[in-house]
Every structure is written in C-alpha cells, then in structure tokens.
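Working notes, beginning with the structure itself.
The values are calculated or read from the model by the stated rules, or taken from the named source; none is laboratory data. The shown structure was predicted, so the numbers you read here are calculated from the model rather than taken from an experiment. Here the Cβ positions follow ideal geometry from the backbone for every residue, glycine too, while neighbour counts run over all protein chains shown. SASA here: full protein model, heavy atoms, side chains in, ligands and nucleic acids out. Shrake-Rupley method; radii C 1.70, N 1.55, O 1.52, S 1.80 Å.
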Amino acid sequence: MSEERQIQLEVLRYNPETDSQPRYQTYTVPCVNEWVVLDALNYVKENLDPTLSYRWSCHMAVCGSCGYMINGEPKLGCKAFIHEYGDHIRVEPLANFPIERDLVTVVEDFIAKLASVKPYLIPKEDKPISAGEFRQTPAELKKYKQYTLCINCMLCYAACPQYGLVPEFLGPAAISMAHRYNQDSRDGGRDQRQEVIATDEGVWECSFVGACSEVCPKHVDPAGALQQVKVASTIDWYKEHLMPWVKK
Amino acid sequence: MSRKPYIREVSKTSWFLSQPRYKRYMAREVTCIFIFAFTFLLICALGSLGKGPEAFQSFLHALRSPLGVLLNLAALVAAIYHSMSWFDVTPQAMPIQRGEEFVPGNVIVGAHYGAWAVVSLIILIWGI
Ligand code: SF4
Ligand code: FES
C-alpha cells in the first residue's frame, strides 16, 4: 500500500557562518509509508530546501553515515521507517557530538579513538607470503564474528551518557573493535591494545548503562564486549600481582 | 571557510532525566545506597557484639523497631533488584562457547538463579 501521508519534519539547523546557535525548522513533507526518514530528508533537499546538510551514502544500513537523533533516539535515517512514527518527526544531529552544520556532526574524536585501538590484525609472528594464509576454524571465526558487524555509525556514542559527560572516554565501538581483534585466533596484538583499553579512559569509564547495545542497529552488543574486556582485564591484574610466575 | 562547531552542553546533574533507559540505570545505581546502609548495620552489629551481650541485646531490640525492619526490607528489595539485573546480563558479560555455538543465554541466566537458590537454601537451613 503506497499511502501518502503529510509529515511535519522538524529538523535542527545550524549554519556556522550565520548562526550563533542551532534552531528548529519544520518542513511539510508528503511521505509514502514505505519511506524511511532519510527519504523524507532527501525530499526536502530536492524539493523544498537545497541548503539542508546531512550525511548519507548507501541507503541500506551498511555505510554507517546516516545516524541522527530521531524523536530523541539515535537511529539510522535509512532504517527508521516513516510508518513507525506519527505525523510529527523531529530529526537532530547525533547527541554527544559537536555540530558542524545542520545534521552533520564533527566525528574526528571517534575516528582518532578507533585508530588508537589498532583495529587490524597484528600477526603473532611475521611469516613470508610463501608460507601461506593464516587459517582459522569456523568456531574460531564465530568467537568474534558478531563484532565485525560494526559499521562505525556512532549511534552507541550518541546513546552513551558516559561519553556525553566524559568526552575522553574511548567509548563502546572503539573498545568493541579492540575486543574483536583480541578475540581473533590469528592476532597477537592484545598486549598493545590493552595499554589503550584497560585504562581509566578506556573500559573502566564504562558504568554499564547498556544504552549502546539497545540502540546498535547491527546487534554488535558493545556493552557485552566491554564487560568481557573488564572481566579479562581483571583476570590479567590478578595474574600479574598474585601469580607473577604465570605467563599471561 | 573557517569551522565553528556548536557544542551542546550535557547537564552534569540532570542528564539521567532525559531518557527512560537512563532512569532505569539510575534506579539500579541507587540500590547501592541501601546495600551500603545494610553493610553499615552489619558493622554496627559487630561493634555491639564486641561491647558485650547487653549491648548486643539492645542492638537486636533496636533492629526490631519499625525503622530497623523497614531498612532491612528496603535493603532486601534493593539487593534482589540489583542481583536480578546483573543475572539478566550475564550471557552478554560471560558468554560460553561450546564448539561452534554459544551456550543459550537462558541457560547461563538459569544457572545463576539455580546457584542463588542453592546458596540461599544452605544459609536458611544453617540458620534454623
Ligand atoms: S557498535 Fe553498533 S552502534 Fe556502535 S558504531 Fe558499531 S554498529 Fe554503530
Ligand atoms: S545511508 Fe548508509 S547506513 Fe544509512
């Protein structure tokens, strides 16, 4: 059924060249029920107001660039269906991030944090290409597969009150990504990553609100990953201080 | 073009009022006040025990006052709520992989409730 419905789309706007603070602007958008909120934004951009700025790319929940606060909840614009909402939808830039312009946020902080956990395979020992690939069993793959699904959409950072209060916090996705490589049987970089994640600004800043896992569109369960990192780091500590003769 | 990012301030004192899930989190955190009160009571009990049988008797008497009963009841409810909210998330925090598959969450949660019941039973029998 392609029913059309008039939606009041209230968008938080901010123009750094002329505005001293953000303001709301409401557009009346004729929406088809199968649309997602991103379609409504595209309609505004194409038909009503070409100055509206927002990020998007894939329109299929893969690229992770269309995260907005939709009625106060961090959501992917391309996964938030119009039929799930009433006739008034409020769209704001992702919470906890500075606003660059309109719905576009400043994400350098997250990118730097993600890079700091070395989110790539660090082999245990170098081996020449002629020695062949690093092999893995299906069970070893299953161990970390869930964490590979992260699309870096930052919804978890927008949901995390701790990140809002303590901007130094490494945050859910970066630590989950570290956990993903630490759990990988081919990887030998755990000690290097622990120096970054098993710290006050790392996993110990997390107070397990659990909001990150509730909003994650890919069911990565970052909150689970962080608790696992806490458990493993605690075991490390006991081994190091009470049983120094045991090798980690 | 120069950049001028706008930063939305987060209230340090009332942030948790903005979302129901933050309020639920706060409710869980607040349980620690009652746990603290109960622990304090335990220390008082030890203290009065050290002072002799009379002091301990009067401490026990004070515990039977409405305030004492209320405090214990509140601590019990808080401890149960806190424990249950932890049991619910144990499959996330402590997943167990057997071969290729993960042990279903309800088995891990169930094991925790089972262990809780057993320990409670032992204490109950021992106490009577
Ligand atoms: S963990 Fe989930 S919410 Fe966070 S960035 Fe990855 S996909 Fe997005
Ligand atoms: S546009 Fe790519 S995730 Fe929404």
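Checked against (1) within 16 Å of ligand 2 (Cβ to nearest atom); (2) over 24 Å from A:Arg13 (Cα atoms); (3) in contact with a strand residue (DSSP E or B) (Cβ under 9 Å, 6 or more places away or on another chain); (4) open to solvent by less than 20 Å² (accessible area, probe 1.4 Å), A:Ile151 passes all but condition (4).
Which of the residues spanning the stretch A:64-100 are under 17 Å from B:Tyr6 (Cβ atoms) and either in contact with a strand residue (DSSP E or B) (Cβ under 7 Å, 6 or more places away or on another chain) or within 16 Å of ligand 1 (Cβ to nearest atom) (or both)? Across the stretch A:64-100, the qualifying residues are A:Tyr68, A:Met69, A:Val91, A:Glu92, A:Pro93, A:Leu94, A:Ala95, A:Asn96, A:Phe97, A:Pro98, A:Ile99.
Scanning the stretch A:132-164 for residues that are more than 12 Å from the chain's Cα centre (by Cα) and in a loop (DSSP other than H, G, I, E, B) turns up A:Gly132, A:Glu133, A:Phe134, A:Arg135, A:Gln136, A:Thr137. Scanning the stretch A:104-141 for residues that are within 30 Å of A:Ala80 (Cβ to Cβ), away from ligand 2 (no atom under 16 Å from the Cβ), surrounded by 15 or more Cβ atoms within 10 Å (Cβ to Cβ) and within 14 Å of chain B (Cβ to nearest Cβ) turns up A:Val106, A:Asp109.
Just to be sure, is A:Asn96 closer than 24 Å to A:Trp204 by Cα and either away from every other protein chain (no Cβ under 14 Å) or open to solvent by 60 Å² or more (accessible area, probe 1.4 Å) (or both)? Answer is no for this residue. Just one of the listed residues (B:Leu49, B:Leu124, B:Leu71) is more than 26 Å from A:Cys212 (Cβ to Cβ), of a type outside the set (Gly, Ala, Ser) and either outside the structural domain of B:Arg24 (by TED's automatic domain parsing) or open to solvent by less than 40 Å² (accessible area, probe 1.4 Å) (or both), and it is B:Leu124. Which pairs turn up if I take residues in the stretch B:98-112 that are without any contact (Cβ under 8 Å) to a residue 12 or more places away in the chain and look for partners that are outside any loop (DSSP other than H, G, I, E, B) with beta carbon separation below 6 Å, at least 6 apart in sequence or on another chain? Close Cβ pairs (under 6 Å, with a partner that is outside any loop (DSSP other than H, G, I, E, B)) amount to B:Gly99/A:Ala139; B:Glu100/A:Pro138; B:Glu100/A:Ala139; B:Glu100/A:Lys142. Just give me the residues in the stretch B:15-26 being open to solvent by 50 Å² or more (accessible area, probe 1.4 Å) and either more than 24 Å from A:Val107 (Cβ to Cβ) or in contact with a Pro (Cβ under 6 Å, 6 or more places away or on another chain) (or both), in sequence order. Correct list: B:Phe16, B:Leu17, B:Pro20, B:Lys23, B:Arg24, B:Met26. Candidates are the residues of the stretch A:2-23 that are without any contact (Cβ under 8 Å) to a residue 60 or more places away in the chain and either open to solvent by less than 30 Å² (accessible area, probe 1.4 Å) or within 14 Å of another protein chain (Cβ to nearest Cβ) (or both); the one that is nearest to A:Asp87 (Cα to Cα) is A:Arg23. Of the residues in the stretch A:173-195, not one is within 16 Å of ligand 1 (Cβ to nearest atom), assigned to a helix (DSSP H, G or I), modelled with pLDDT of 95 or more and within 11 Å of chain B (Cβ to nearest Cβ).
Of the residues examined, A:Ile70 is one that is open to solvent by less than 60 Å² (accessible area, probe 1.4 Å), outside the structural domain of A:Met177 (by TED's automatic domain parsing) and within 16 Å of ligand 2 (Cβ to nearest atom). Of the helices (runs of 4 or more DSSP H) contained entirely in the stretch B:40-128, those carrying at least 2 residues that are among the β-branched types (Val, Ile, Thr) and either touching an Asp or Glu at 6+ places or on another chain (Cβ under 9 Å) or within 14 Å of another protein chain (Cβ to nearest Cβ) (or both) fall at B:66-93, B:105-127. Give all pairs with beta carbons closer than 8 Å in which a residue from the stretch A:48-61 that is more than 11 Å from A:Cys78 (Cα to Cα) meets a residue that is within 16 Å of ligand 1 (Cβ to nearest atom) and not in a loop (DSSP other than H, G, I, E, B); count only pairs at least 6 apart in sequence or on separate chains. As it stands, the answer is A:Tyr54/A:Tyr68, since those pairs meet every condition given.
Go through the stretch A:190-248 and report how many residues are buried (at least 21 other Cβ atoms within 10 Å of the Cβ) and of a type in the set (Asp, Glu). Number satisfying all stated conditions: 1.
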